[in-house]
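These notes concern the structure reproduced below.
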Amino acid sequence: EMDDGLDEAFSRLAQSRTNP
Amino acid sequence: GGVGTLSGSYVAPKTVWLPAMKAKGLEISGTFSRQVGSISMDLVLTNKALQVMSDFAIQFNRNSFGLAPAAPLQVHAPLTPNQSVEISLPLNTVGSVMKMDPLNNLQVAVKNNIDVFYFSTLYPLHILFVEDGKMERQTFLATWKDIPNDNEAHFQIKECSLNADAVSSKLQGSNIFTIAKRNVEGQDMLYQSLKLTNGIWVLAELRIQPNNPNFTLSLKCRAPEVPLYIYQAYETILKN
């Protein structure tokens, strides 16, 4: 999959939701 | 349980919508289905009277999503006493709109040669989930951020034994699309989207924790009255 920064953005979103 | 079709959303078993006692012998049972973009009301008409029934017609009252018959109710021959007929009535969503309470309430009038009868029923919202409801990932992230936290609704889906992949594929069968999946500290986070026939988007986060049969569903939508019915659709799809 092309790395367009979105993969990382979803990881950050998931992380922030788990550890707000 | 209901029927899972290869090419369509979950279909609940038919239930009686109009008992014969209330309609001079006409019994109507039915359910709703969506298959490759076509919505239908699947009906069984039964004549429990002592006389022949003919001249059937159907009309919907205005409703939240503009559901309307896309064709006349066609009963090809008069219905003799004790006879049943199955009819699949195609529906569209270009009828008049009026917000109902509950949102998914549908008031129906059916006539035959004897009289006119009225009943109301609730349709599952997933018949309105369109096939192109997979949001672009970038749009999802921007929209998720843009919709305020006050507009986020939380629900528990209890006692669901499916894993994340099974959940994704089951939901996709009913046009709820998984856009991203992440595992954070052992829990699976699914980011999903769906779009209703009237263009309203719903964004979802489904959290599945290891050894916990209860899932947490968080929904973001610009129309705050919609998420409750989306949650009900998740329950229906995942538990059938």
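The values are calculated or read from the model by the stated rules, or taken from the named source; none is laboratory data. Here the structure is a predicted model, which means the values were calculated and not measured. Cβ atoms come from the backbone with ideal geometry, glycine included; neighbour counts cover every protein chain shown.
Quick notes
Results for (1) more than 23 Å from A:S11 (Cβ to Cβ); (2) β-branched (V, I, T), shown as yes or no for each residue.
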residue: B:D132; (1), (2): yes, no
residue: B:M189; (1), (2): no, no
residue: B:S193; (1), (2): no, no
residue: B:N198; (1), (2): yes, no
residue: B:W201; (1), (2): no, no
residue: B:T216; (1), (2): no, yes
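- Wholly within region B:126-237, strands (runs of 3 or more DSSP E) carrying at least 2 residues that are within 13 Å of chain A (Cβ to nearest Cβ) and buried (at least 19 other Cβ atoms within 10 Å of the Cβ): B:177-184, B:187-195, B:201-208, B:215-221
- Counting only strands (runs of 3 or more DSSP E) that sit wholly inside region B:1-102, those with at least 1 residues that are surrounded by fewer than 12 Cβ atoms within 10 Å (Cβ to Cβ) are B:15-18, B:84-92.
- Beta carbons closer than 6 Å, at least 6 apart along the sequence or on distinct chains, pair a first residue in region B:148-160 that is farther than 8 Å from B:L219 by Cα with a second that is aliphatic (A, V, I, L, M) for B:F155/B:L217; B:I157/B:L217; B:C160/B:L238.
- Any pair with Cβ under 8 angstrom, 6 or more apart, that starts in chain A at a residue that is within 16 Å of B:W144 (Cα to Cα) and facing chain B (nearest Cβ under 9 Å) and ends at one that is part of a loop (DSSP other than H, G, I, E, B) and modelled with pLDDT under 90: A:D7/A:E1
- Selection status of B:S7, at pLDDT below 95 and either within 16 Å of the chain's Cα centre (by Cα) or among the acidic types (D, E) (or both): yes
- Test: residue in region B:107-119 that is aromatic (F, W, Y) and buried (at least 18 other Cβ atoms within 10 Å of the Cβ): no
- Verdict on B:L125 being closer than 23 Å to B:L18 by Cβ, hydrophobic (A, V, I, L, M, F, W, C) and in contact with a helix residue (DSSP H, G or I) (Cβ under 8 Å, 6 or more places away or on another chain): yes
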